[in-house]
Amino acid sequence: MLRVGLTGGIGAGKSEVSRLLAGYGAVVVDADRIAREVVEPGTPGLAAVVEAFGEAVLAPDGTLDRPGLGAVVFADPEKLKVLNGIVHPLVRARSAELEAAAGPGAIVVHDVPLLAENGLAPLYDLVVVVDAAPQTQLARLTALRGMAEDEARARMAAQATREQRLAVATLVIDNDGPFEALEPQVRKVWEELAARAAAAAGAAPGTE
């Protein structure tokens, strides 16, 4: 199994790269998606969040009021630490389950937005960074996602810098241009991942 960490700043196009890699055959483990799943109604995760923060964090339909909870935790580092202490272990456990189910020969791509911020690069065999200039990120967030410029800048500032992400990269995908320029790069990265996986399998005991 080849374990790949995939990351990139907001608006860099990481989700599109993740989708393309899945199309080539990668098993994608999406940390953001899992973080939502582990606090769905009826889960121990949601029960733990309600116990920690009260029923005020629930929407009328019983789901987690994410904007409301975000307003609470992002204004208080200690409360954010409590929330992360609930959610992160659940995400890690579910990610491990999905990885184990992928099988020994799989290329497992962990889509992790905060890989650089949380010092997670050593957990993977290699790290792929989707890179775009800050001005490109800002243009995409305002034009494509409809964010106000101040909000977009604040979201970008809360993440690692471009330099910090590139410092942990094994492979870099330049997504500063149009979509047409992205797909050939992702295909090339996939070929590199497949070659590394094959080499690792050939070097494993009992495969000679």
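Observations on the structure shown:
- FRET E, pair A22, A198, Förster distance 25 Å, beta-carbon r, rounded to 0.05: 0.80
- Averaged over residues, the count of other Cβ atoms within 10 Å places the peptides 139-148, 30-39 in the sequence 30-39, 139-148, highest first.
- When each of the peptides 48-54, 96-102 is scored by the mean number of other C-beta atoms lying within 10 Å of its residues, the order from highest to lowest reads 48-54, 96-102.
- For the chain, a crude dipole built from +1 on the beta carbon of Lys and Arg and -1 on the beta carbon of Asp and Glu, taken about the Cα centre, is about 180 debye to the nearest 20.
- Among A12, T170, I86 - extreme Cα towards positive end, dipole of the chain, charges at beta-carbon: T170
- Largest accessible area first, the listed residues E151, E183 line up as E151, E183 when surface is computed with a 1.4 Å probe on the assembled protein chains.
- Between 0 and 90°, nearest 10: helix 44-53 axis offset from the chain longest Cα axis: 40 degrees
- The chain - percent of accessible surface contributed by carbon and sulfur, probe 1.4 Å: 56 percent
- Estimated FRET transfer efficiency when R0 is 30 angstrom, pair D65-E180 (beta carbons, to 0.05): 0.15
- Taking all protein chains into account, the per residue accessible area for the stretch 112-192 stands at 56 Å² (1.4 Å probe).
- Farthest towards the positive end of the charge dipole of the chain, among the residues A100, G42, G54, is the Cα of A100, using unit charges on the Cβ of Lys, Arg, Asp and Glu.
- Rolling a 1.4 Å probe over the protein heavy atoms gives the stretch 56-104 an accessible area of 63 Å² per residue.
- Assigned charges on the beta-carbon of Lys, Arg, Asp, Glu; the stretch 57-100 dipole about Cα centre (debye): 100 debye
- Placing a pseudo-label 7 Å from each Cα along the Cα-to-Cβ vector at K188 and A101 gives an inter-label distance of 3.5 nm.
- Sequentially through the stretch 173-184, phi angles give Karplus couplings (6.51, -1.76, 1.60; θ = phi - 60°) of 10, 7, 10, 7, x, x, 4, 4, 8, 7, 4, x Hz, Gly and Pro residues having no value and appearing as x.
- Computed from phi, the 3J(HN,Hα) profile of the stretch 137-145 under the Karplus parametrisation 6.51, -1.76, 1.60 (θ = phi - 60°) reads 4, 4, 4, 5, 5, 7, 7, 8, 9 Hz, with x in place of Gly and Pro.
- The chain: calculated mean residue ellipticity at 222 nm from DSSP helix runs of at least 4, using -39500 (n - 2.57): -17000 deg cm²/dmol
- Residues with amide H under 5 Å from that of A160, placed H, sequence gap 5 or more: E117
- Taking the convex hull of the alpha carbon positions in the chain and averaging its projected area over all directions gives 13.1 nm².
- Taking 16 Å as the straight-line reach from the Cα of K188, the aspartates and glutamates in range (excluding those fewer than 8 positions away in the same chain) are E16, D131, D174, E180.
The values are calculated or read from the model by the stated rules, or taken from the named source; none is laboratory data. Fair warning: this is a prediction, and the values are worked out from it, not measured in the lab. Counting neighbours? That spans all protein chains shown, and the Cβs are built from the backbone with ideal geometry, glycine included. Only protein heavy atoms, including side chains, enter the accessible area calculation; ligands, DNA and RNA are left aside. Shrake-Rupley method; radii C 1.70, N 1.55, O 1.52, S 1.80 Å.
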